[in-house]
Amino acid sequence: MKKLVILLIILLVIPPVIADWFYNSQHVTANIDIYSEAEVAPTRPSGYIQSATINMTFFPKETDTQELLEFETVPDADVDDETIKFTWKRPEDKIDFRVIVDVKTTNSRVQVREKINFPIEELPDDIEIYTKSSKTIDSGDEAIIRLASELVKGEDDLYAAVFKVADWTKNNIDYNLSTLTAEVSQKASWVLQNRQGVCDELTSLFIALLRSVGVPARFISGIAYTNSELFPENWGAHGWAEVYFPGFGWVPFDVTYGEFGWIDPTHFKFKDSVDSDEPATYYQWFGRNADLNTNKLDIKTKLIDKTGYFPTPLNIDVSAFREAVSFGSYNLVEAMLENTDDYYYSTELYLIRPKEVKVIGNEFKSILLLPNEKKKIFWILKLDDDLDKQYAYTFPLIVTTTNNITSGTSFKSSIREKDVSFEEVEQVAKLLEEEKEKKYSGNILLDCKISNEEFYEYEDAEVFCTAKNTGNIFIENADVCFENQCTKIDLGISQTKNVTFEVNKSSIGSLEIPVTVRNSLVSKSQFVSYTIKDTPKIEIGELEFPSEVSYDDKFSAAFTVSKNSESNPENVKIVFTQNSLEKEWFVEELTEDRKFVINIEGNQLKYGTNDYLINVDFSDGVNKQYITKKEFIISLTDATILQRMLLWLNGFDALTPESIAIILLTGTIIFIVIVIVLFRRGRR
C-alpha cells in the first residue's frame, strides 16, 4: 500500500487572525494623524461667525500602557488630560485642524491573581455609574437581563462570569458591516434581537449584559490594527470594553478580536465613556446668520516601530484520540493547556487541518485558565470517506492560539484501519466537557497504567491508578470507576490514593476504556489503551483431491491453511504426510490465507486405500502451542497384476534400514530351508 502525507500549506490555511508581530511585540510605536475641517456657511450675504470653538476628546491619552512621545496640534490649541480646545476668531470660508501624535504602547496584562467573588457586593461611588443603563447601552432591557442572568447562573467567580458573557457575545453575534450605514450605533437590545453588529455594537451588548448583573464596564474607543480582508485599511477606528475588577482596576476585553482580559499592543486608546454613542468632537460657534458645516474625523496611522517579544504564559500539548482510523471515521483531537503563571489567562484557539478532515462544530474555541491551571479542550473530526484506497494517509493537525502559540499532532488512515463511530468519540467528548464544567477537576492528577498493553484472552491483566489532590479542598466520597467496577475514595489535600482494577476480557481487539474520578466537585478521566488478542486458530479447508485414481494417473491434492482468529498464528509448521512420506512448509506469521498444492503420481501410491494427513503446529505470541489436523483418503483401484507388484514394492520406500535387514535375513533363512528340504528329497 502506498503512503501519502497530507501537507499543510500554513500560509494558505491559517486564518487572518493568526500570528504576527501585532500580537507578540513588547512595544509598538505609531504615528497617528487626526484631521478634519468645517465650512463657514452664511445663511444670508451678511452672515458671519464671530468665534468658533472645537473641543476634541477623541485622541490618544497617556495611560499605564500608553506613552505619548510627540504631540502637536495645528493650529495651536489648549490641551489638558481629556480635551483639546481649538479656537478661531472671525473665521472665513473654512477652518481645519489637525492633531499629530507619536504613541508608544507596551504589551501588558492586568494580572488578576486571586478569585473575586461574584456577584459584586460593594463598589466605589465613582464606579457605580458604570453599572447603570445608558442611551445605547440599555442594560435595563428585559431580554438582556434574562440572558445575562442565564449565562452567569451559579457562577461565583467574577472573572469566570465575565468570560462567559464575552465568549457568548463573540460566538453568537455576527460581525456585520451593514450596520455601519446607520447614522448612530444601534442599541444593545437591537443587537441582541438581530444577532448582528460591528465592533462598537458587539461591545455595547457585552457591556449591557455585564451591567445588568451588576458588573461595572465602560466603552473604550480608539484605533487598532487588523489584517482582515473586510477592511481596505489595516488601521482603523475600533471599540472595545474595560471591566472593573475590585482590587485590580480596569481590565480590557475585546469581544470582536477574541481578546478577553488583555488586548494586543496595536490597540491605541483614545477615550473611555459611559455610553458608546458619546460624541468625539464638540463644535460651538457664535455669529449671525451663519452655520458651521462639520465633517467626520479623518484618522491615518503609520507604524513607526515594533520591538521586543512579549511571552505568553501558556503550554499546549496536542494528541489525537485514535492514532489511526478508517476512511469515513470520526476522531477527536485534544489539546492539554497549561497556564504557566499565577494569574488568570484566557485565549482563543484555532484548529488547522487538511481539507479532507472536517470539524464538527466551531473551529475557534475560547478558554479561561485559572492561575497555574491545566485544562483540556477538544474538537470532533470527521474524515472524508472517498479517499483513494490505494494509499495510506497521514493527516497533520495544528492547534494555535491568537498570538501563535502552537502544538501539533497527526493521525493515520487507510482502508485497513478500524472504523471509529461518532458514538465512541462522543463518549470521550462528554467526559472532557464534564471535566471542563467542574472547575476543581484541574486539581486532580490521575495516572493510570495497565500491567500489559497487549495480552491474550486467557491471560490476566490489571489497571493500576494513582489519584492525587493538588488543590486546597477535601475531596470526599469520589467514585473511581473502570468499566463496571467502582471504588469510593476520599482525597485529602496533597493526599494520594491507589486503586487497582481487573480487566474484563469479554471484548476482543484494541480498546480505549476510561478511568474516571467523579463527585459533585470534580470529574477527571484518563483513557487506558490496550489490546486483547483472541486465541489463535487455524482452519484447514478447501481440500481438492480425487477420491479414486489409476496407476498411470498424474493428479494433485490442494488445501488452504486459513487464519480463523483476529490474532495471527506464529511459527506455523505445515506437514503433509502420504504413506509415511512427508512434505513440510514453515510460515513465521500467518496473516492471510495460504494455499498449498502437491503434485502426485498414481505409481507412487499403494494399491487400495492410501491415507493422507495434514498436520499444522503453531504458537501464539507467548509461545503457547496449538495443533490442528485434517485427514483424507485416496484409493488406487485400477492396476494390472504387474503394476500391483510394482506398487507392492513402493511399500519398501517407507522402510527403515533395520526393517530392510530383517526382511532380507528372513528371506535368506527361508531360502536355505527350502534348498535343504529339496536336497533331502532328491537323495531318496
query = Taking the Cα-to-Cβ direction at ASN603 and at PHE364 and moving 7 Å from each Cα, how far apart do the two end points lie in nm?
reply = 8.9 nm
ask   = Mind listing the phi-derived Karplus ³J(HN,Hα) values for the range 338-352, rounded to whole Hz, using 6.51, -1.76 and 1.60 with θ = phi - 60°, and x for any glycine or proline?
value = 10, 7, 8, 10, 9, 9, 4, 9, 10, 7, 10, 10, 9, 9, 9
Cα gyration tensor shape of the range 442-533, rounded if a/c is under 1.5, else prolate or oblate by comparing a/b with b/c = prolate
inquiry  = What distance in nm separates the two pseudo spin-label positions at PHE422 and ILE129, each 7 Å out from Cα along the beta-carbon direction?
reply    = 5.4 nm
request  = Give the residue from ASN472, ASN452, VAL503 lying farthest towards the positive end of the charge dipole for the range 442-533; charges sit on Cβ (+1 for Lys and Arg, -1 for Asp and Glu) and the dipole is referred to the Cα centre.
outcome  = ASN472
remark   = Lone Cys, the chain, Cβ cut-off 4.7 Å -> CYS199
task = Please give, to one decimal in nm, the separation of the simple spin-label points placed at THR560 and SER507, each 7 Å out from Cα toward the Cβ.
result = 3.1 nm
key: Relative pair counts by distance (%), Cα atoms of the range 241-307, 5 Å bins   = 3, 9, 15, 17, 17, 13, 9, 6, 5, 4, 1
key: Semi-axes of the equivalent ellipsoid for the chain, Cα gyration tensor, largest first, Å   = 89, 29, 19
ask   = By how many nm would the segment from LEU678 to LYS488 grow when fully extended, if each residue of separation counts as 0.36 nm and the alpha-carbon distance is taken off?
value = 58.2 nm
key: Relative packing of 537-545, 186-194, which averages over residues the other C-beta atoms within 10 Å, highest first   = 186-194, 537-545
request  = Place a label point 7 angstrom from the Cα of ASN498 along the Cα-to-Cβ direction, then list the residues of the range 430-452 whose backbone nitrogen is under 14 Å away.
outcome  = 447-451
query = Under the classification rounded if a/c is under 1.5, otherwise prolate if a/b is larger than b/c and oblate if not, where does the range 538-654 fall, given a ≥ b ≥ c as square roots of the Cα gyration tensor eigenvalues?
reply = prolate
remark   = What one gets for the range 110-166 as the Kirkwood radius, inverse of mean 1/r over different Cα pairs in Å, is 12.9 Å
request  = Report relative contact order for the range 538-654 in percent, whole number only (criteria: Cα-Cα under 8 Å, sequence separation at least 6).
outcome  = 30 percent
message = Calculate the FRET efficiency for GLU37 and ARG195 from the Cβ-Cβ distance with a Förster distance of 35 Å, rounded to the nearest 0.05.
response = 0.35
ask   = How much length, in nm to one decimal, is gained on full extension between THR87 and ASP298, taken as 0.36 nm per residue of separation minus their Cα-Cα distance?
value = 74.0 nm
note = Inter-part gap, Cα centre of the range 77-117 to Cα centre of the range 341-362, in whole angstrom, is 37 Å
remark   = For the table LYS153/LYS488; LYS382/LYS412; LYS488/LYS524; LYS271/LYS300; LYS376/LYS430; LYS104/LYS300, the rows whose alpha-carbon distance is greater than 20 Å are LYS153/LYS488
key: Anisotropy class of the range 188-239 from Cα gyration tensor, a/c 1.5 cut   = oblate
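Taking other Cβ within 10 Å of each residue's Cβ, how do MET56, MET645 sort, fewest first? Could you put the intermediate results ahead of the total?
Values: MET56 24, MET645 11.
Taking fewest neighbouring Cβ atoms as first place, the list is MET645, MET56.
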request  = Rounded to whole Å and ordered largest first, report the semi-axes of the equivalent ellipsoid of the range 125-264 derived from its Cα gyration tensor (root of 5λ).
outcome  = 23, 17, 14
task = Grab the beta carbon distance between PHE586 and ASN472, set R0 = 51 Å, and tell me the FRET efficiency rounded to 0.05.
result = 0.20
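Computed from the coordinates by the stated procedures, all read-outs in this text should not be read as laboratory data. All values reported here derive from a predicted model rather than from experimental measurement. Heads up, the Cβs are rebuilt from the backbone with ideal geometry, glycines too, and the neighbour counts pull from every protein chain shown.
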